[in-house]
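The values are calculated or read from the model by the stated rules, or taken from the named source; none is laboratory data. Values in this document were obtained by computation on a predicted structure and should not be read as measured data. Methodologically, a virtual Cβ is constructed for each residue, glycine included, from the backbone with ideal geometry; neighbour enumeration extends over all protein chains shown.
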Amino acid sequence: MFALTLVAGLHCVPSLALATDAKEHKPVAPTSAELMPADARRWSQHEKAVMLTDLSQVTPASALTKGMREKGKWKVIPFATAEMKGWALSTYAFTKAPIIDLPLNAKGWHAVYLGVSSVSTGFREAKNGMRAKLSEERIFKRMANNMGLLPNRVDMIQDEFLTVAQLDGQSLQIGSLPNLPATICYVKLVPLTDAEVSTWSEKQKNTKPGEGTRTSIATFDGHSWIWPYAPETKDDLLASFRGMENTDIGKWWFQVLGADLVIYPSKVGNIPGENTVDFPTREHEWFVNSIKDLHKKGINPLQVAREAAREQGVEFHVMLRPAGWKASIPYEETFDSKFYHAHPEWRCVDRDGTRTMHMSHAVPEVRQHLLDILTETLELQPEGVGILFHRGMPLMLWEDAFRARYKEMHSTEARDVDEDDPRLQATRAAIMTDFLRQIRTLLDDTAKKQGRTERYKISLGTFSKEADNKRWGLDLPLWIKEGLVDDLGVAWFAHHTSFAQPDMVYYKKLVDGTKVGLYPFVISWKSGQPKNLCTQVTNFYKGGATGIAVWDPSVEVGWTEKPHGNLFEVLGRLGHRDDVARWSKQGVPVPLAIPLKKLDENEYSRWFPTTGF
């Protein structure tokens, strides 16, 4: 074991250069030919790093307890690995531990890492998370341990990258997150050479979307970037986007939340659940209260996101979920469009007369209402707008407005033909084409009024198979021909469709010879093993994909529950086609991870505790 030395009141030990073997708990060399982009071992002077292992030195001292746990305080607990020991900080999900400050006493350029431990329920790993930033930084970075427990329920410390910075006079600030426990064991400071600083600075320069490897799209659902975190300020909101800088993500598809259920102060739509007093979950209540409080402070979350996208140099597209009006029990008062309630006569009706909980796009007033929502959002001057059709179907059935349009086109009764009759599909296609043309006219007219020289783009989320697109009226060949779509995000996760992987042969034939981008979706929190994800993405590229669309990369479950390391380090590099192809064969490099020998009173052994409960 390395000897401990005391420097400036903080325990420091030489840095660990190697990962560890899960079975033997011994240091081993990385198994891959390369390291993860944020891996501490990539720096030439990693072995000279200083490890700050006594986190009891934070201030204020009143924020700590070494005795019984207390609300509003971090618990100081002893920890040990095979190579180091010290004092870690621990907080539970509802402790509400405050922000604390750790002096770094370092000068010059360093890469900064935190040793974040897994958190066990006593039986298995649990979601965990905390936030950290340097004292001169504005926005906190959210961090979590994504490793599973070792056999015999042994916790693992994961080396988590924070930033590269000149540390003269700076300290480290650490905070808890709502609803998430956390254990932090150490802070690592890796000194950098002048060449490394120069290379790092050069890589921080943003390229334009679509250039080089910056070909990915990230979606944000408008809901789950707010409710887990109880944001109170603009900076709290901005934490959702820290870590996306300098990734391969070049476009954000940012959803207002639903159809006319929105997160911004609106004269057309409404905040979901704004008049609700009895919520089905505490998370939904947090969301509504957060939105209301932000609005009272004059903070528009959609505007904050738009400004953040501009600062990161990515395209910002405002997206609608066309069926996002109303939910059933237990969410009937949480997702509750006023427009939906005011106009029951405009809902979809099945062929047997059963009224469904959908608004019909065959009704001109429904389409105009959505156009009014888009009109509001265009005040922010995004790069484009769009419709995520995979959220969801049906948009029309056999209600009076649809039957009238069908009869006008085909001179027969819509309820008298088979459900797969091409005439039904043609009628839906005519209605949806009207809608797309209306959107195009709105965008062009708005751009002219704004004196905008750059054309607004239209992005669409579509279905995986040609048959599904035809069934629901998505006339993609015509829309491409008329310039009604610029980017297609192809989703397999769409209700009332095939639920199959994208038909890349069909889509490649559609977009060949055009400027329309083709982006098959992967779901960040359902990606499975990273190696399998890379295989899937590689096949998409072979099939003609322009880039990859990543569904909800900022959702909490996406960065807190993966037992494989930080999956976003893979999701953020999907534009590096050669790397992804190599990882699909060799496997994705794992982060530096260190088994604990002791945490608090638990000296890990084959006789794991908590067996009597």
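Observations, loosely collected:
- From the list 344, 382, 330, the lone residue that is surrounded by fewer than 19 Cβ atoms within 10 Å (Cβ to Cβ) and over 25 Å from residue 472 (Cβ atoms) is 330.
- Entirely in region 385-474, the helices (runs of 4 or more DSSP H) that have 3 or more residues that are over 16 Å from residue 363 (Cβ atoms) and at pLDDT 95 or above: 422-449, 466-471
- Against the test of being in contact with a Lys or Arg (Cβ under 7 Å, 6 or more places away or on another chain) and either surrounded by fewer than 23 Cβ atoms within 10 Å (Cβ to Cβ) or within 30 Å of residue 229 (Cα to Cα) (or both), the options 579, 512 yield a single qualifying residue, 579.
- Annotation note: of 347, 367, 321, the sole residue that is assigned by TED's automatic domain parsing to the domain that holds residue 431 and either over 30 Å from residue 454 (Cα atoms) or modelled with pLDDT under 95 (or both) is 347.
- Matching option when the condition is assigned to a loop (DSSP other than H, G, I, E, B) and either over 29 Å from residue 281 (Cβ atoms) or not assigned by TED's automatic domain parsing to the domain that holds residue 76 (or both), among 122, 169: 169
- Selected residue (criterion: modelled with the highest pLDDT) from residues of region 141-160 that are outside any strand (DSSP E or B) and in contact with a Gly (Cβ under 7 Å, 6 or more places away or on another chain): 144
- If you go through region 195-242 and keep only what is of a type in the set (Lys, Arg) and closer than 15 Å to residue 303 by Cα, you end up with just 234.
- Every residue from region 276-323 that is in contact with a strand residue (DSSP E or B) (Cβ under 6 Å, 6 or more places away or on another chain) and part of a loop (DSSP other than H, G, I, E, B): 314, 321, 322, 323
- Set 530, 477: member being of a type outside the set (S, T, N, Q) and surrounded by 20 or more Cβ atoms within 10 Å (Cβ to Cβ): 530
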